[in-house]
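Please read the structure below before turning to the comments.
The values are calculated or read from the model by the stated rules, or taken from the named source; none is laboratory data. Predicted model, so just to flag it, every value in this text is computed and none were measured. All Cβ positions, even for glycine, are placed from backbone atoms using ideal geometry, and neighbour counts span all protein chains on display. Ligands, DNA and RNA are stripped out before the accessible areas are found, and what is left, the full protein with its side chains, is counted by its heavy atoms. Shrake-Rupley method; radii C 1.70, N 1.55, O 1.52, S 1.80 Å.
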Amino acid sequence: MQTLLYGYTWMTYYGSNIWDAPFYRRGNWLVIALYGLLLFLFINTYGGFKIGYLRKLDAIFSQILATLCVNVITYIQICLLDRHFVDIIPFLGFTFIEGIIIAVWANIYQLIYAWLFPPRRMILIYGERPVFGLKDKINSRGDKYNICEMVDINKGLEYVYNKMIGYEAVIIGDIPSQYRNQILKRCFEKSIRTYMLTKISDVILRGSDDIHLFDSPLLLARNSGLSFEQKVIKRLTDVLVSSIMLVIASPVMLVVAFLIKAYDGGTALYKQVRLTKDGREFEVYKFRSMIMEAEKDGVARLSMSGDSRITPIGKFIRATRLDELPQLINIMKGDMSLVGPRPERPEIATEYSEYMPEFGYRLKVKAGLTGYAQIYGKYNTLPYDKLKLDLMYIQNYSFRLDLKLILMTFKIMFMKESTEGVDNGQLTAATMEDYRDSIRKEI
């Protein structure tokens, strides 16, 4: 529908007016097809087709953002073809109508999806350690999941098997591997949909290759990080894209620096020691979002929800991720990459490593301005979950994945929950020490 609408706009307002030689039939078809292809690629990248998987508003937001990106590119394309700025009013009008189409389409298809796929009746199997917030997260999607019962694995496998009867799906929580494997096999036998909390070993195996030694199937986990060719391509991409972004973002950076300086007279930039590949320390550049001497006691601490140290200007640049822009300089210097694990402070990394030794695995690649954990997690996502997300990126790295994550970054810049600070009450189910003990046991 959107492509047809663009086709009408192109044929009516633009195609027949370009130069003295308007496009002929096949030329018009090509221009319209190119718009449809770009629209498909951007909506697919931003997840706009995932009706049912995403919340309705998130799906609408993803589609609208993709449409705006494509329309900006297309308008520039038309201006280049006509060698001057063309009338933008028809473009704005057709973009507004597209927004209406998107809202109607998403609502209709969400209703169809809900009718075809009502919430699944699920049973959650848990062990000795609490499943931190998992039940609450699943229950927040009442349109998709319905946890009807929870059962303790310590009551025995036969008891669990009997409880599983009649449920459409099973959620396997944090339980010992030997029990998890037996339950997974039983679910496969009975064709029961299964959801599992991942462990570090699961993430490593998912990035392995299938090979055969004569008639024996094997899994090959290379565990070497990026290949030489991948490192070269990644570095060339970093230099090219960061150079372009620095030029484009320089006016915005000047305005942000002026606002920070004007607010309290302090420095606009600040440097902080962070870790990158192989544990090497470097100084990261960021726009200052907190008051001067926010850590005058010398104690490294994460930003808390409602942190009083964050200035009004700081709240804005954090919410829009503008505080990260100076890191483009770090990328040019080679300390960081565009995509990679978040650069962590040595003090905090040491603290995490005390109860999570595998935390250092994420240093197989350079730290990144954006990354898998930054996009699919949040600032207050638990460190163990961030580690698993970072390892998913390392084990499945590709140039295509980097491009997708760079594009996805524009989406999360407008999502407030991705920049939330650590909530003082987010571990109310257990103390921090209980959390550390649980991670030690799981690892």
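Tabulated values for the structure
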{"read-out": "Residue 11 vs. criteria modelled with pLDDT of 90 or more and open to solvent by 30 Å² or more (accessible area, probe 1.4 Å)", "value": "no"}
{"read-out": "Test for residue 47: is it modelled with pLDDT under 95, surrounded by 16 or more Cβ atoms within 10 Å (Cβ to Cβ), outside any helix (DSSP H, G or I) and in contact with a helix residue (DSSP H, G or I) (Cβ under 7 Å, 6 or more places away or on another chain)", "value": "yes"}
{"read-out": "Options 232, 239; residue that is out of contact with any strand residue (DSSP E or B) (no Cβ under 7 Å at 6 or more places or on another chain), in contact (Cβ under 8 Å) with a residue 24 or more places away in the chain and assigned to a helix (DSSP H, G or I)", "value": "239"}
{"read-out": "Breaking point among (1) touching a residue at least 12 places away in the same chain (Cβ under 8 Å); (2) under 30 Å from residue 316 (Cβ atoms); (3) small (Gly, Ala, Ser), for residue 221", "value": "(2)"}
{"read-out": "Given (1) open to solvent by less than 80 Å² (accessible area, probe 1.4 Å); (2) not in a loop (DSSP other than H, G, I, E, B), number of the condition residue 226 does not satisfy", "value": "(2)"}
{"read-out": "Selection status of residue 66, part of a helix (DSSP H, G or I), of a type outside the set (Phe, Trp, Tyr) and open to solvent by less than 20 Å² (accessible area, probe 1.4 Å)", "value": "yes"}
{"read-out": "Elements of type helices (runs of 4 or more DSSP H) in region 358-417, at least 1 residues being of a type in the set (Val, Ile, Thr) and over 10 Å from residue 341 (Cβ atoms)", "value": "372-376, 399-412"}
{"read-out": "Given (1) open to solvent by less than 30 Å² (accessible area, probe 1.4 Å); (2) among the aliphatic types (A, V, I, L, M); (3) within 26 Å of residue 363 (Cβ to Cβ), number of the condition residue 220 does not satisfy", "value": "(1)"}
{"read-out": "Conditions (1) farther than 15 Å from residue 279 by Cβ; (2) open to solvent by 40 Å² or more (accessible area, probe 1.4 Å); number of the one not met by residue 366", "value": "(1)"}
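Residue by residue, here is whether (1) of a type in the set (Gly, Ala, Ser); (2) open to solvent by less than 30 Å² (accessible area, probe 1.4 Å) holds:
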site: 29; (1), (2): no, no
site: 52; (1), (2): yes, yes
site: 78; (1), (2): no, yes
site: 85; (1), (2): no, no
